[in-house]
Amino acid sequence: MGLFTEEIAIDLGTANTLIIHNDKVVVNSPSIVAIDRTTNKVIAIGQEANMMQGKTHENIRTVRPLKDGVIADFNASEQMINRLIKSIPALHRRFFSPSLRMVICIPSGITEVEMRAVKESAERVNGKEVYLIHEPMAAAIGIGIDIMQPKGNMVVDIGGGTTEIAVIALSGIVCDKSIKIAGDVFTSDIINYMRGKHNLYIGDRTAEKIKILVGSVVEDLENPPEDMSVQGRDLMSGKPKQVLINHAEVAKALDKSIIRIEDAIMEALSQTPPELSADIYNTGIYLAGGGALLRGLDKRLSQKTDLPIYVAEDPLQAVVRGTGIALKNTERFKTVLIK
Ligand SMILES: Nc1ncnc2c1ncn2[C@@H]1O[C@H](COP(=O)(O)OP(=O)(O)OP(=O)(O)O)[C@@H](O)[C@H]1O
Ligand SMILES: [Mg+2]
């Protein structure tokens, strides 16, 4: 094997799929596939398919193979992984494809059957040695936590489909709580708010842009972003219309969902064994995933929990980095890797 084996780490996320090869992130792509309805063939993936979202006609449909943190469409997900791997130039310089050693990060909510399906997909794309790792564990490793210590750490990963709250100690997940309130729900919160408050009908991509450009979970921000002009369709007249949106409105739109996340964190804290609670009192809570980028989230969670809150250095890449570290040290991390 040796010479013709390459190593890759994959974070198969609801919103984004990332791949590390030779310590570099070589794929960072939305988890979306566009399919031709007449032939059932995949015509685009990733960014290209993303641009088609909401703009398709009857012969094209865009699907997100992962939904709510589980795999909703196996065929589409396998084709997506296949194409993404093939898009890595370094893996295709030779005249035949190398066999792959890979670690794939999976949402902790998936079942045994789904795990096997992911593994089989990986094997069909030339995976010769395939390991799986649970997302909160990968996030913790990526953040730089020493997961093997007899010391509790709490990680909250707010992704696209799920928010996962985990307490990790001695290479294991001690408490794990997963709720289906995350980026996708925030996006629909914004759509509903715009409809109710401004009579404006906007699409997913526009709502997503609002979330990123003026997203906030507190109304009083120290450095508020500039207001944003938003275009959509007026629900009364049917005409295209534009309104101006600020961060305080987004905070209102997201409030209910953020309360759900706060409650889940409080519940996880209340279920944590006391020795680990004592550790978390000293170490605080680490945030990862795209949702960690919402303005004011650290401040709001810190007020709620009375704990220090740390946002991972690059929250969108913490999981894939952790997966990459596990890939390079499969022996050291053998207890957290699922063969
Ligand atoms: N600056 C930002 N502010 C708020 N939300 C953001 C920002 N950037 C990205 N997001 C959101 O973060 C989510 C994607 O995060 P991430 O890539 O961690 O999810 P994922 O790993 O694909 O999903 P999951 O872990 O649930 O499978 C999307 O919903 C995206 O809209
Ligand atoms: Mg994720």
Looking at the stretch 111-176, what % of the alpha carbon pairs are farther apart than 15 Å?
59
So if I take the centroid of the Cα atoms in the stretch 188-255 and the same for the stretch 128-171, what is the distance between those two points in Å?
33
Given N residues in the stretch 43-143, what is Rg(Cα) / (2.2 N^0.38 Å)?
1.19
Return an integer: the convex hull volume of the alpha-carbon atoms of the stretch 289-331, in Å³ per residue.
80
If you take the charge dipole of the chain about its Cα centre, with +1 on Lys and Arg Cβ and -1 on Asp and Glu Cβ, which of Ala268, Ala34, Tyr193 is farthest toward its positive end?
Ala34
Which lysines does Lys41 reach when only Cα atoms under 22 Å apart count, and residues fewer than 8 places away in its own chain are ignored?
Lys55, Lys67, Lys86
What nm value, rounded to one decimal, do you get for the distance between Gln271 and Met115 when each label is placed 7 Å out toward the C-beta?
1.8
Could you please state, rounded to a whole Å, how far the C-alpha centre of the stretch 302-331 is from the C-alpha centre of the stretch 41-60?
32
Against the globular-protein guess of 2.2 N^0.38 Å, express the Cα radius of gyration of the stretch 183-253 as a ratio, rounded to two decimals.
1.03
Hydrodynamic calc, the chain: Kirkwood Rh from Cα pairs, then Stokes-Einstein at 25 °C with viscosity 0.890 mPa s, so D in µm² s⁻¹ is 117
Along the three principal axes, how long is the stretch 234-339 when you take its alpha carbons, biggest first, rounded to the nearest angstrom?
63, 33, 23
Counting other Cβ atoms within 10 Å of each Cβ, which GluC sites (Glu not before Pro) in the stretch 194-239 have at most 16 and sit in a DSSP loop?
Glu219, Glu222, Glu226
What accessible area per residue comes out for the stretch 17-168, rounded to a whole number of Å², with a 1.4 Å probe?
43
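If you count only protein heavy atoms with a 1.4 Å probe, what accessible area per residue comes out for the stretch 183-253, rounded to a whole Å²?
55
The values are calculated or read from the model by the stated rules, or taken from the named source; none is laboratory data. Treat the numbers as computed from the prediction; the structure is a model and nothing was measured. Cβ atoms come from the backbone with ideal geometry, glycine included; neighbour counts cover every protein chain shown. The accessibility values were calculated without ligands, DNA or RNA, using every heavy atom of the protein model including side chains. Shrake-Rupley method; radii C 1.70, N 1.55, O 1.52, S 1.80 Å.
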